[in-house]
Amino acid sequence: MSNTSPEGRADSAHMPAVTMEGVEKYYGTFHALKHIDLTVARGEKIVVCGPSGSGKSTLIRCVNQLEAVQEGRIVVDGIELTAGPKNVEQVRRDVGMVFQQFNLFPHMTVLRNCMLALMKVRGIARDEAEATARRFLERVKIPEQAEKYPAQLSGGQQQRVAIARALCMNPKIMLFDEPTSALDPEMVKEVLDTMIDLAREGMTMMVVTHEMGFARQVADRVIFMDRGEIVEIAGPTEFFGNPRHERTRTFLGQITGH
Amino acid sequence: MIRPFGIDEILFIVAAVQWTLALSAIAFAGGAIGGLVVALARVSQVRALRYLALGYVRLFQGTPLLMQLFLVYFGLNIFGAGINPWLAASLALTLHASAFLGEIWRGCIEAVPSGQSEASWALGLGYVDRMKSIVLPQAAKIAVAPTVGFLVQLIKGTSLASIIGFVELTRAGQIINNATFVPFKVFGLVAILYFVLCWPLSLLARWMERRFAVATRR
Amino acid sequence: MDYQLKFAPVFDNFGHLLSGLLVTLELSFGAMLLGTLVAIVCAAGKTGGPRPVRWIIDVYIEVIRNTPFLIQIFFIFFGLPALGIRFSPNTAALVALTVNVGAYATEIIRAGIESIQKGQVEAGTALGLKPVQIFRYIIVKPALRTVYPALTSQFIYLMLTSSVVSVISATDLAAAGNDIQSQTFASFEVYLVITAMYLVLSIAFSGLFSLVERMAFNYPLSR
């Protein structure tokens, strides 16, 4: 684990990974997030689900400030995000993100995709960056694809590269924004397996997904969002076995097809 | 003797706009006729015609307009037509415009869905009817915006006629500059006049292009 | 037609033509390089810059696109000395060509930048790259690839336009032609040969550009 403690950061291993307090987010007049209070503990795995437009992607995109919020406090690993651009830079280095559409850089090989931020953000020398990149490609089980370009890989392989690319930066928290939604069904499993491995190793994860099997197996808590609000938040056994809210029940009924 | 850059000088330059416009109009009219011929030849069933038209387009798009002007200017002299800037500039710009318009319009004709041609074959329409009633009217709609865009290019191109002694806007500016020696003001004024001619056309072309893009998106 | 074409005087001066050709090549490649840099900066400014910057770039583009190159070079060569900015003919030619192609290329490259998907920028942001780094490492290359055909036709057009610099006594290919014809009076023949040389240049340029395309953009595109 990292033992660096930049100034202004409380040095406590028991500090939450993410704290959101009274977060409000608007797109113009559309109220995308309504008074969000949420604390994510270190090593915790959170699965966020909900209908489209419910604000679930927006919620996790606030954690690395891909979306700015209008009100409230967001603290990531002891750094107050909402307090200025320097803090945002710091947080982005420590938070990895995986997107629905992979977003690999098409003009770089798989290896270069993984090396770019190591060299340009962390300032690590090329040789060392390459060694790190290869190590993580090994970990997502595609070391042999290192010299290929993204367009030469299947969707599942591309998404595993995207995971490796994020892991190279040694993040403390990983965000997954519908990582399997753009995949052909036969490729979903390889990506989920990679994510399960990562969860077992103790990574703090916030995952937006409709893969309820994954949620049951991996999540410490499941969040159900609707119309910008957190409607229900519970451990998977309770969440799936005994959902308290009508809206949650309706949603679960729809996606499990009963 | 140095003349002041006064109201007479300004009027002389402004008046020369008419010759720029006249030359542009001639070249555009000639180029429209030539361009239609080139475009039809480029999409012709006859292979020789297609290659001939392609060669013509490549030749005029692959060489400088200034050289085209010189060759026509001196070529006419060799053919006994004498030194005639009017004729040379009109002819050279017409040939030039024919190649460019021909290529633009070929693209527009090819953009008409081939089903339209096939349908007119099926109806038993001959070549002339098919082109005149079915293909060209549809191509024309696509062609308006890029054609106006080329008109801007053509108006700017007429400035090169000044080099072979045709007195239009640019040449008028040079004449006044040689007498007054205030190039900053003279060429500034000339630039403004070209801008006044060209900018509205550019805006029009862009507006039509956008409107067309919106119309075809549905 | 009684006239006999006389090419001998033209080929007697072929060395002069070649040195003019060299200047044409220098001007073309110089303006391509500098103009592309100008265009990349302006395109970035137009997509991400503050309002006054965008406005200035818009004025630059509209002024250049709606006035003849001939007037632009007159203004730079004859007009700017009034402001104390003085160039030699060949430098003025390079400046004028750069300013000219920069405006056209800005619009082309901007279209390229706008074709880049938002997710690419987000991925860079999430990795902690700064906006300038995202532009430099993630956007520029795919954007240039998208607009490469448009950009290179503009470059060929630039090379052809460069013949106009002979009017300010720059020493390019067309100017060499002017010299030779004023000495030999074989005007038609001189310009015929020079026109042919320009034609060969355009063909060579498009060959070179497709070679560069194959080398620089050798990564596969997704289906």
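The values are calculated or read from the model by the stated rules, or taken from the named source; none is laboratory data. Small disclaimer: the values here were computed from a predicted structure and weren't measured. Positions of Cβ are backbone-derived with ideal geometry, glycine not excepted, and every protein chain shown enters the neighbour counts.
B:L125: hydrophobic (A, V, I, L, M, F, W, C) and part of a helix (DSSP H, G or I), yes or no?
On the way: hydrophobic (A, V, I, L, M, F, W, C): yes; part of a helix (DSSP H, G or I): no.
Here the answer is no, as B:L125 does not meet what is asked.
Select from the stretch B:159-169 the residues that are more than 8 Å from chain C (Cβ to nearest Cβ) and not acidic (D, E) and write down the one among them that is surrounded by the fewest Cβ atoms within 10 Å (Cβ to Cβ).
Among them, the one singled out is B:G165.
Give the stretch B:171-218 a look and list any residue that's surrounded by 13 or more Cβ atoms within 10 Å (Cβ to Cβ), more than 8 Å from chain C (Cβ to nearest Cβ) and of a type in the set (F, W, Y), or say none.
Within the stretch B:171-218, B:F181, B:F212 qualify.
Among the residues of the stretch A:74-92, is any more than 10 Å from chain C (Cβ to nearest Cβ), surrounded by 19 or more Cβ atoms within 10 Å (Cβ to Cβ) and either assigned to a loop (DSSP other than H, G, I, E, B) or among the acidic types (D, E) (or both)?
Yes, the conditions are met somewhere in the stretch A:74-92.
Tell me, please, whether a residue that is more than 21 Å from A:P16 (Cα to Cα), more than 14 Å from every other protein chain (Cβ to nearest Cβ) and surrounded by fewer than 22 Cβ atoms within 10 Å (Cβ to Cβ) can be found in the stretch A:144-154.
yes
Across the stretch B:128-169, what is the number of residues that are in contact (Cβ under 8 Å) with a residue 60 or more places away in the chain and within 16 Å of B:V14 (Cα to Cα)?
Residues in the stretch B:128-169 being in contact (Cβ under 8 Å) with a residue 60 or more places away in the chain and within 16 Å of B:V14 (Cα to Cα): 7 in total.
Residues that are more than 14 Å from every other protein chain (Cβ to nearest Cβ) and crowded, with 23+ Cβ neighbours inside 10 Å: does the stretch A:133-141 have at least one?
Yes, that holds for at least one residue.
Please go through (1) under 30 Å from B:A81 (Cβ atoms); (2) within 12 Å of another protein chain (Cβ to nearest Cβ) for C:I73 and return the number of the only condition it doesn't satisfy.
Among (1) under 30 Å from B:A81 (Cβ atoms); (2) within 12 Å of another protein chain (Cβ to nearest Cβ), the lone unmet condition for C:I73 is (1).
Just one of the numbered conditions (1) buried (at least 20 other Cβ atoms within 10 Å of the Cβ); (2) farther than 19 Å from C:D172 by Cα; (3) among the small types (G, A, S) is not true of C:A111; which one?
(1)
Tell me, which residue of the stretch A:1-40 that is outside any strand (DSSP E or B) and under 20 Å from the mean Cα position of the chain (by Cα) is modelled with the lowest pLDDT?
Per the stated criteria, the residue is A:M1.
Inspect all residues belonging to the stretch B:20-36 and state whether any of them is surrounded by 15 or more Cβ atoms within 10 Å (Cβ to Cβ), in contact (Cβ under 8 Å) with a residue 40 or more places away in the chain, small (G, A, S) and under 17 Å from B:I164 (Cα atoms).
The answer is yes; a qualifying residue exists.
Pick from A:E128, A:E190, A:E147: which is over 25 Å from A:Q65 (Cβ atoms) and either among the aromatic types (F, W, Y) or touching a Gly at 6+ places or on another chain (Cβ under 6 Å) (or both)?
Exactly one of A:E128, A:E190, A:E147 is over 25 Å from A:Q65 (Cβ atoms) and either among the aromatic types (F, W, Y) or touching a Gly at 6+ places or on another chain (Cβ under 6 Å) (or both), namely A:E190.
Sort through B:F100, B:F74 and tell me the only one that's under 14 Å from the mean Cα position of the chain (by Cα) and assigned to a helix (DSSP H, G or I). Please lay out each step first, then the result.
On the way: B:F74 fails: under 14 Å from the mean Cα position of the chain (by Cα).
Every option except B:F100 fails the conditions.
Looking only at residues that are within 22 Å of C:V147 (Cβ to Cβ) and at pLDDT 95 or above in the stretch C:123-132, which one is farthest from the other protein chains (Cβ to nearest Cβ)?
C:G124
Among the residues of the stretch B:67-103, how many are within 22 Å of C:S182 (Cβ to Cβ) and of a type in the set (F, W, Y)?
Total satisfying the criteria: 4.
Only residues that are among the hydrophobic types (A, V, I, L, M, F, W, C) and in contact (Cβ under 8 Å) with a residue 12 or more places away in the chain: list them for the stretch C:193-215, please.
Of everything in the stretch C:193-215, those that are among the hydrophobic types (A, V, I, L, M, F, W, C) and in contact (Cβ under 8 Å) with a residue 12 or more places away in the chain turn out to be C:V193, C:I194, C:M197, C:L201, C:F205, C:F209.
If you take just the strands (runs of 3 or more DSSP E) that sit entirely in the stretch A:177-258, which of them hold at least 2 residues that are of a type outside the set (A, V, I, L, M, F, W, C)?
Correct list: A:221-226, A:229-234.
Could we say that A:F224 is touching an Asp or Glu at 6+ places or on another chain (Cβ under 6 Å) and buried (at least 19 other Cβ atoms within 10 Å of the Cβ) here?
yes
Filter the stretch C:160-191 down to residues that are touching a Pro at 6+ places or on another chain (Cβ under 7 Å) and outside any helix (DSSP H, G or I) and give me whichever is nearest to the other protein chains (Cβ to nearest Cβ).
Here the residue is C:A186.
Report every pair of residues separated by at least 6 positions or lying on different chains whose Cβ atoms are under 7 Å apart, first residue within the stretch A:37-63 and at positive phi, second in a helix (DSSP H, G or I) and of a type in the set (D, E, K, R).
A:G50/A:K56
Given C:I109, C:I85, which one is within 14 Å of chain B (Cβ to nearest Cβ) and either part of a helix (DSSP H, G or I) or on the phi < 0 side of the Ramachandran plot (or both)?
Testing whether each residue is within 14 Å of chain B (Cβ to nearest Cβ) and either part of a helix (DSSP H, G or I) or on the phi < 0 side of the Ramachandran plot (or both) leaves just C:I85.
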